[in-house]
Amino acid sequence: MFLAGYTFKPSHSEIHYMKNAKIDGRKKYDGNFTTDKSEAYKFADVSQFQKQLEKFLVKANLDEDHYNYTLAYQDLSSSKITKILKC
């Protein structure tokens, strides 16, 4: 199982986790993301979130000069956190 989300910069450690299986563009931050792990959606596989989260972060980074939104996910079986810097 995985928790998926993003950090504001690659050097940041606080992950903003997805609350649902899909990102709803009609909702603001609170409807889609949380920093509370207990509210985060648990994904069975990386493929369930990676493409949609990358697409969301690419758009977010186009309009951003200060931050470099970075895809991040945590493997709950090992607690390992992975960051993908290509977004």
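The values are calculated or read from the model by the stated rules, or taken from the named source; none is laboratory data. A quick note: this is a predicted structure, and the numbers were derived from the prediction, not measured. Side chains are part of the model used for accessible areas, which takes the heavy atoms of the whole protein and leaves out ligands, DNA and RNA. Shrake-Rupley method; radii C 1.70, N 1.55, O 1.52, S 1.80 Å.
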On average, how much accessible surface per residue is there in the range 1-61, in Å², for a 1.4 Å probe, leaving out ligands, DNA and RNA? 60
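Relative contact order of the chain, please, whole-number percent, based on alpha carbon pairs below 8 angstrom and at least 6 residues apart.
Relative contact order for the chain comes out at 37 percent.
Tell me the mean residue ellipticity at 222 nm calculated for the chain from its helices only (DSSP H runs of n ≥ 4, each -39500 (n - 2.57), averaged over every residue, nearest 500).
That comes out to -5500 deg cm²/dmol.
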With a 1.4 Å probe and all protein chains left in place, how much of the accessible area of the range 1-84 comes from carbon and sulfur atoms, in whole percent? 49
Which pairs break 22 Å Cα to Cα here: K22/K51; K27/K80; K59/K80; K51/K86; K27/K55; K22/K55? K27/K80; K59/K80
